[in-house]
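Since every read-out is calculated from the coordinates, none of them should be taken as a lab result. Just so it is clear, the model here is predicted, and its values are computed rather than measured. As a convention, Cβ positions derive from the backbone with ideal geometry for all residues, glycine included, and neighbour counts pool all protein chains shown.
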Amino acid sequence: MMKPLLILALSLPSPALPQTPVASPQAPGDHVHTAPAKPGDVLSCPMHPEVRSAQAGKCPKCGMALVAPKPETAPPAITGPKLTLADLERMALGQNPIVGQAQALVDAASGRTQQAGLWPNPSFGANGEHVSKVTGGGAIGGFVEQRFITSGKLGLDRKIAQQDQAQSVQMQSAQRQRLLNAVRTLYYQALGDQRLLDVRRELVVLATRAVAVSRELANVGQADRPDLLAAETEAERIELELVSAQNAQQRTWRQMAALVNQPQLKPAPLEGDLESVPQLDAEQALDTIYRDSPELRAAEVAVRRSEFSVRRAEVDRVPDIFVRGGLRNNREFGEVGPFGPTRRRGLEGIFDVSVQIPIFNRNQGGVKAAKAEATHARLAVDHARLSLQARLAAEYKDYQDSRIAVERYKTRILPKARQAYDLYLSNFRAMAGAYPQALIAQRNLFQLQDSYIAALVNTWHRAVQIEGLLLGSGLEMSTSPAATSPSRDEP
């Protein structure tokens, strides 16, 4: 009995993919009457839609009453102005706090660069010696003290800070690219969700038609209860798949709203072609990554920083000079005559000059550590290159798999599935097909369409990662090494 049902359900044309909640099917066994025909309606047979008449009557092929066409309803489609990828990227760069955080780290590094290399401030003070009545008041005066940094240590400190600032700039570039990668990943996911909803809505309409026709057939005794239950069960399953797709779309847009920092952002039509997948070449992609990768640039900056650190450690053994000078009023008597003291000493100049003698501590350990760190930094550049190459190999493999799958689905698998669908439809109309074959053909076609959309989305995701310099789309904010490293203690 299910065969006539599938003939009709599959023979009806595909709907135009609107979007209203599909009405729940009535309980099995309910007697459904067709709405009366209006003047001017063209009546047709539910079983054989090619049988059409302007007059009420019965189908000459199966005897079913001719009925008026029913308007199709489906969930309302998302309307409104279309958003482009550029719109979403602009929102994210303007609103996501990660951009301001990265800029703040650059500004902090700039401040440390400004601070590094500044001369230490001079010290002013007062001193006194032998201040007592016995000595006539002793000596009281003032002095100024200055530490003189030798061997270009301040210049090297500033150069090291400049390299730290350059690393912060590379980290800022990496964070900006990660943000763009995240926006692009969600954008293509939203395009895929939008496309998948269209497929699921079309399938819901077909399943709903099948349920309605099965009831019509039950009314005229051409379908029994198992046929009706099978149609209703299939419709329920398909409606659940539609609900799942709608929930997935809502999830994607909530993530997008958080990413662009606009909580009020709601699902909107997107402008873009999901099927125009990019054609990437592995060698060219690797050259681009080597040229533009902030990770690699930061590693190279670390090498320059380590070279300045070695030079700084080597000159650290050269002692700085401490100079102190001043004036004091010495009230002690300098001359003693036959009748007692005759003259006070008066104003005197004082000075001290001191240096540390590098006998025991010549910063031997500091030089050794700096050279080891420089070796580590140079090797880190090679490691970064190898890591990028390995990560690209994995990403490009996934990209190739998805791109080949897209091409195979588009040019071979889906056309054959549609051809099989059309052949079964012709067989049904000629009363020469079996219900299980029809059900398999219908499910297979829509499942393949789901897989095709998934392959398209995955191809774009892999392309975004490759074109996004393999930086991923995570937005955890890392801290500049200079911000957390201990400062050099002044001797």
- [ ] Please give the peptides 227-239, 178-190, 142-154 ranked by average Cβ packing (other Cβ atoms within 10 Å per residue), highest first, as a rough proxy for protection.
- [x] 178-190, 227-239, 142-154
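How much net charge surrounds GLN249 when only the other residues with a Cβ under 15 Å from the Cβ of GLN249 are counted, with Lys and Arg +1 and Asp and Glu -1?
Local net charge: +2.
For ILE404 and GLN284 in one chain, what is 0.36 nm times their gap in residues minus the Cα-Cα distance, to one decimal in nm?
Working: separation 120, 0.36 × 120 = 43.20 nm, distance 1.92 nm.
41.3 nm is the gain from fully extending ILE404 to GLN284.
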- [ ] Calculate how large, on average over all directions, the projected area of the Cα convex hull of the range 189-231 is; give the answer in nm² to one decimal.
- [x] 3.1
- [ ] Determine the principal axes of the Cα atoms in the range 78-164, then give the extent along each, sorted from largest to smallest and rounded to whole angstroms.
- [x] 101, 32, 10
Task: Relative contact order for the range 252-359, counting Cα pairs under 8 Å that sit 6 or more residues apart, in percent - done: 18
